[in-house]
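Step one of this worksheet: look at the structure below.
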Amino acid sequence: MQFAYTILYVSNVEQSLAFYEQAFGLQTRFLHESGNYGELETGATALAFCSREMIQQMGKDAVAADPKHPVFEIALVTDDVSAAVQKAVAAGARLMQEPKEMPWGQTIAYVADRDGVLVELCTAVQAS
């Protein structure tokens, strides 16, 4: 098996794609003509978005993400966490944690996207 994509359930797919482009510099790979599904270009594994309306039509009750009580996070690696945080906040992200160096040498910060998804902005983990 191969891990292909992660789907985030959002209120507006097109707005989420635009936000991730502006906040994190990711490019849209695909947006379905219905506007209910889209993907970002993130390498081998896509970050995808599905409207909560569409998933409800499929019989599932998706609830909005809560960054103060997350059940998952997505992580984006960057060489400059502080600059990435500033760019994300300028695009409308909510700052959840300022950049902080961890005991293992990685710098991390957290923001929440417009739908409440927790996004970790971090430097790469260095192998010891």
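The values are calculated or read from the model by the stated rules, or taken from the named source; none is laboratory data. Everything quoted here is computed from the prediction, not taken from an experiment. Don't worry about glycine lacking a Cβ; one is built from the backbone with ideal geometry, like all the others, and counts go over all protein chains shown.
In the stretch 70-86, of all residues being closer than 21 Å to Phe49 by Cβ and surrounded by fewer than 18 Cβ atoms within 10 Å (Cβ to Cβ), the one that is nearest to the chain's Cα centre (by Cα) corresponds to Ile74.
Taking the stretch 39-65 as the search range and keeping residues that are charged (D, E, K, R) and more than 13 Å from the chain's Cα centre (by Cα), which one is nearest to Thr6 (Cα to Cα)? Among residues in the stretch 39-65 that are charged (D, E, K, R) and more than 13 Å from the chain's Cα centre (by Cα), the one nearest to Thr6 (Cα to Cα) is Arg52. Look at the stretch 36-47 and say how many of its residues are out of contact with any Phe, Trp or Tyr (no Cβ under 8 Å at 6 or more places or on another chain) and surrounded by 15 or more Cβ atoms within 10 Å (Cβ to Cβ). Qualifying residue count, the stretch 36-47: 2.
Only one entry in Phe19, Phe30 is within 12 Å of the chain's Cα centre (by Cα) and of a type in the set (Phe, Trp, Tyr), namely Phe19. When the test is whether a residue is of a type in the set (Gly, Ala, Ser), modelled with pLDDT of 95 or more and out of contact with any Phe, Trp or Tyr (no Cβ under 9 Å at 6 or more places or on another chain), Gly116 passes it.
Applying the criterion of being in a strand (DSSP E or B) and of a type in the set (Gly, Ala, Ser) to the residues of the stretch 92-128, the residue that is nearest to the chain's Cα centre (by Cα) is Ala112. Of the candidates Met58, Met54, Met102, the single residue that is over 21 Å from Cys122 (Cβ atoms) and without any contact (Cβ under 8 Å) to a residue 12 or more places away in the chain is Met58. Of the listed requirements (1) surrounded by fewer than 19 Cβ atoms within 10 Å (Cβ to Cβ); (2) hydroxyl-bearing (Ser, Thr, Tyr); (3) at pLDDT 95 or above, Ser128 misses just one: (3). For the stretch 69-91, the tally of residues that are among the β-branched types (Val, Ile, Thr) and either in a strand (DSSP E or B) or at pLDDT below 95 (or both) stands at 3.
The residues of the stretch 17-33 that are part of a loop (DSSP other than H, G, I, E, B) and either under 18 Å from Tyr5 (Cβ atoms) or at pLDDT below 95 (or both), listed by number, are Leu26, His32.
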